[in-house]
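Bear in mind that the values in this text are calculations on the coordinates, not laboratory data. A quick note: this is a predicted structure, and the numbers were derived from the prediction, not measured. Neighbour counts are summed over all protein chains in view; Cβ atoms, including those assigned to glycine, are modelled from backbone coordinates with ideal geometry.
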Amino acid sequence: MSQASKPFHSEEARRRALVPGRHSVSPFNFHDEVLAEFEFPEPLALIDSTIRKVIYTAGVRTSVADLLRIGEIIEELGVKDESLNLWWWGADQPNAVEWDAVRAFARAGFGFRVNVFTDTLVGSGAAPSTKMRRTVDMLAEAGVGAINPGLIEPPDADAAARQRDEFAAFGEYARQQGLEWTLTIAHCGRRDFLKMVDGMNTAIEAGATRLDPMDSTSTMSPEAMKRYMRTLRSMLVRPVPITMHTHDDFGMATATTVAAVTAGASPDVALNGVSYRSGFAALEEVVLALDVLYGLDAGIRLDRLQWAADSLARIMDMPIHPLKPVIGSHQFLRDSPNDIAKLLSTDRDTFPAFGCSIDPGLVGSKLRWVWGEQSTEEVVRQLALSLGVAVSGAQIKAVRDELDRRRDARPAYPKWVEADEVEEVLLAIAAG
């Protein structure tokens, strides 16, 4: 067999790329040379930050009852690990909103673990940490099972030595109170890398069970993220699970988070990408990309993504942008005559759906169409045919004229006519 007549992709790559009724993507995603670059975490353990990111979304005000409703949503999705924050901000008491949320989630009995970051456990070593025991006691009494100090860069060698002692004291006290603990490292992309790794190793030796580096202002490209993660893992005193937390300042949070996963970190995500500034790595984007393009199951119910996203938007009273990937209203919206004709034809269930690499049902959505600027009399003709309604050429023109009038009368977005209204106009004019 000549080289030209041999299949370029392996049968396995083609099988993974095309799953009838589910998705159809390029087999290059599963080419041996592509797969050889990956070092996926084992196990892949998604961390969700939706609750704390909802609290931090500017202009949104949610009650504890609202937050618990969101907890029900993420539980149904399959989230197993939820991160909350508890900032003291130098005060004598923690932030009231966050403290109420922490206590409510600790006693709610959800099926996910609650891990609480707080800023009073370990300091920079420059001054003694005075609230560590009190904070640990409060969280243990509240019923929290996992807590999370931050790694602050010490100002000098003496402070670094004192910080090591503080980590040892904190780790021992947390253990005595029956608490597991993980470590957060903010602004990980811009810090002195060697000092940061030294601090991480100090925490690991003191009992940290996971590292949560945060590229807090999106300082790394996807390529840089892979190099960062591989280098970090190679320098740890012993292997521990790592997550990566990435914002969307450059519109690359999903890409950079996925890059971190390919280099050994689990993703930290928030439903709908909610957060301050430009948002966060979106749960729905990350888990769908990992599933379809990489063949990784993040343990999340894909078929409930649209429902979850819409439910969260209602609770937050914060609409989803129409062009938002995966869950935006335009994702599976069609308005071109060709697409509408296919939707109305007997081949409407053809896979893959036109203009899609996934079946909309995979994420709990469906294709829909509207009468817009591109619509023509052919759309009217195809709709009449699909309904079994006989219409004359004059009636088809009358339907189009009426639909164009209604569309043009719309004062603002969306300037279209919904399919059910199109059908009503057609039936009324056909009935004469």
>> For a 23 Å ceiling on Cα separation, which of these pairs sit above it: K80/K131; K324/K415; K226/K324?
In response: K80/K131; K226/K324
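With r as the distance between the Cβ atoms of R227 and D249 and R0 = 22 Å, compute the FRET efficiency 1/(1 + (r/R0)^6) and round to 0.05.
Working: r = 20 Å, r/R0 = 0.89.
Calculated transfer efficiency: 0.65.
Taking only DSSP H segments of four or more residues, each worth -39500 (n - 2.57), what value at 222 nm results for the chain once the sum is divided by all its residues, to the nearest 500 deg cm²/dmol? Can you show the working numbers first?
Values: 16 runs with 187 residues, N = 432.
That calculation yields -13500 deg cm²/dmol at 222 nm.
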>> Using a 7 Å offset from Cα along Cα-Cβ at R410, what residues in the stretch 351-389 end up with backbone N under 11 Å from the label point?
In response: 370-374
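Calculate how many DSSP beta bridges within the chain are antiparallel, expressed in % of all such bridges and rounded to the nearest 5.
Working: 6 of 33 bridges.
The antiparallel fraction comes to roughly 20 percent.
How do T130, T243, T182 rank when sorted from fewest to most other Cβ atoms within 10 Å of their own Cβ?
Numbers: T130 9, T243 26, T182 23.
Ranking T130, T243, T182 by Cβ neighbours within 10 Å, fewest first, gives T130, T182, T243.
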> Under a 5 Å amide H to amide H cut-off, with H placed in plane at 1.01 Å, what residues pair with M244 once short-range neighbours are removed?
Replying inline: S266, D268
>> At 0.36 nm per residue, and after removing the present C-alpha to C-alpha distance, how many nm does the segment from L323 to N29 gain when stretched out fully?
In response: 103.4 nm
>> Starting from the Kirkwood Rh over alpha-carbon pairs, what translational D in µm² s⁻¹ does the chain have by Stokes-Einstein at 37 °C and 0.692 mPa s?
In response: 134
> For q = 0.17, 0.18, 0.21, 0.25 Å⁻¹, what log10 I(q)/I(0) does the stretch 333-431 give under the Debye formula with an equal point scatterer on each alpha carbon and no solvent?
Replying inline: -0.76, -0.84, -1.06, -1.33
>> Can you compute the label reach from D165? Point 7 Å from Cα along the Cβ direction, backbone N cut-off under 18 Å, restricted to the stretch 105-131.
In response: 121-131
> What's the exposure ranking of T219, T118, T376, going from fewest to most Cβ atoms within 10 Å?
Replying inline: T376, T219, T118
> When Y413, Y294, Y276 are ordered from fewest to most other Cβ atoms inside 10 Å of their Cβ, what list results?
Replying inline: Y413, Y276, Y294
>> Considering the Cα positions of the stretch 203-283, please state its Rg to one decimal place and its Dmax as a whole number of Å.
In response: 12.6, 37
